[in-house]
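Worksheet for the structure shown next.
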């Protein structure tokens with residue numbers, strides 16, 4: 001019996017070392033060498049300190065900044081660990097809301113967001129990505145239409161010409177990956193950092 005068990009144990013141990021230790025270390029080392037910024041989390045620095053990642057959205061609520069997509073992520077309620085509270089862009093709990101099209105709570109939230117956005121940004125119809133959450137709750141990007149939609153509000157808050165802000169948005173549009181994957185997009189954090197540079201050269 002031991003003659004049959006020994007090869008099984010040796011193969012199991014060998015595969016564990018190769019697939020559980022050697023391969024992950026090799027891939028991690030290779031990624032760190034070839035793509036150091038991406039391997040480190042695509043962090044964005046400003047004045048020597050990390051202000052975020054280009055891969056994870058942040059909550060911007062001030063009138064003078066571009067706002068990202070709504071986020072449905074949550075965190076444990078400090079007052080009652082058996083419950084959760086909204087925690088936008090909580091990277092430790094990436095998730096969507098799981099609310100379906102017949103959900104009254106979802107319909108009420110979307111109607112409220114539509115009313116707020118229409119009041120704050122007089123203009124064309126509200127882009128859909130400004131009232132819908134992403135599957136991860138962490139989406140750092142919005143559509144160019146969603147960014148341009150917010151220009152009048154930001155121009156008013158910052159006392160800047162709308163044309164200047166529209167040009168800033170246009171300069172920050174990222175095309176489809178490899179020309180075919182995904183949709184054109186604008187990274188909200190990078191756009192807001194560029195906005196601060198524009199206001200304070």
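The values are calculated or read from the model by the stated rules, or taken from the named source; none is laboratory data. The structure presented is a predicted model; accordingly, all values stated were derived computationally and were not measured. Quick reminder, even Gly has a Cβ in these numbers, built from the backbone with ideal geometry, and neighbours come from all protein chains shown.
Quick rundown of the values:
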quantity	calculated
Residue within segment 76-83 that is in the same structural domain as residue 143 (by TED's automatic domain parsing), within 26 Å of residue 129 (Cα to Cα) and in contact with a strand residue (DSSP E or B) (Cβ under 9 Å, 6 or more places away or on another chain) present	no
One residue from 158, 153 being farther than 26 Å from residue 72 by Cα, surrounded by 15 or more Cβ atoms within 10 Å (Cβ to Cβ) and in contact with a helix residue (DSSP H, G or I) (Cβ under 7 Å, 6 or more places away or on another chain)	158
Selection status of residue 137, in the same structural domain as residue 193 (by TED's automatic domain parsing) and surrounded by 18 or more Cβ atoms within 10 Å (Cβ to Cβ)	yes
Some residue of segment 78-89 being without any contact (Cβ under 8 Å) to a residue 24 or more places away in the chain, outside any loop (DSSP other than H, G, I, E, B), touching a helix residue (DSSP H, G or I) at 6+ places or on another chain (Cβ under 9 Å) and farther than 28 Å from residue 160 by Cβ	yes
Enumeration of residues in segment 95-122 that are assigned to a loop (DSSP other than H, G, I, E, B) and exposed (fewer than 13 other Cβ atoms within 10 Å of the Cβ)	98, 100, 101, 102, 122
Filter pass, residue 57 being within 30 Å of residue 161 (Cα to Cα), assigned by TED's automatic domain parsing to the domain that holds residue 155 and in contact (Cβ under 8 Å) with a residue 60 or more places away in the chain	yes
Condition check for residue 92: in a loop (DSSP other than H, G, I, E, B), free of Cβ contacts under 8 Å to residues at least 60 places away in the same chain and farther than 30 Å from residue 162 by Cβ	no
Residue match in segment 21-39 (condition: surrounded by 10 or more Cβ atoms within 10 Å (Cβ to Cβ), in contact (Cβ under 8 Å) with a residue 24 or more places away in the chain and touching a strand residue (DSSP E or B) at 6+ places or on another chain (Cβ under 8 Å))	no
Residue 62 vs. criteria exposed (fewer than 11 other Cβ atoms within 10 Å of the Cβ), in the same structural domain as residue 114 (by TED's automatic domain parsing) and within 20 Å of residue 139 (Cα to Cα)	yes
